[in-house]
Amino acid sequence: MALSSIPDAETCVSVVAHALEGIEARPVIPREIQDILGITATERHRWLKDGRLPSAGTRTVKLNGRAKKITFHVFDPELVRELLSRDAIVDWREEDAAAAAENKRRAAWARALKRKEKSSSPAVATDESPEEAARHLLKGWDEFERDGLLR
């Protein structure tokens, strides 16, 4: 702005200052939380679904040029500060990696049992977990269970 318009500059500063009042307490929208925490949309959805990333509510808006309204979750800025300070995202990613590895292990075990079931005659119930199904394949297990040694 030109020096000759100092009253205009002061007016502009006061308008901007007024607009910025309380901005630190406004809810964080999904795209912003992804940028701030450095997470993907998939991680945000997964963590929102399982409760690790609690929502502060939802907002519904109608964008210009669109017929439908969109609804999205917003997040508390204090929660974002806390997550950043305790580095929870790293822990959550490690937990997710461990869970994925466990799921892969279980799926591989289930596939191996299915192959074993096809090649041998003893039938294994399909609604059992891999550990329960493996128990029936062990010789002498029925007698061991009957004796009640695990109770």
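Each reported figure results from applying straightforward, stated rules to the coordinates on display, with no laboratory input. Quick caveat, the model's predicted, so the values are computed rather than measured. For neighbour counting, all protein chains shown are included, and Cβ atoms are generated from backbone atoms with ideal geometry for every residue, glycine included.
Full extension of the segment from Lys114 to Arg86, taken as 0.36 nm per residue of separation minus the current Cα-Cα distance, would add 5.7 nm. Panel order for His73, His45, His18, by other beta carbons found within 10 Å of each beta carbon, from fewest to most: His18, His45, His73.
Remark: Ser14, Ser55 ranked as Ser14, Ser55, counting other beta-carbon atoms within 10 Å and listing the fewest first. Each of Ala100 and Lys69 was given a label point 7 Å from its Cα along the Cα-to-Cβ line. The distance between the two points is 3.7 nm.
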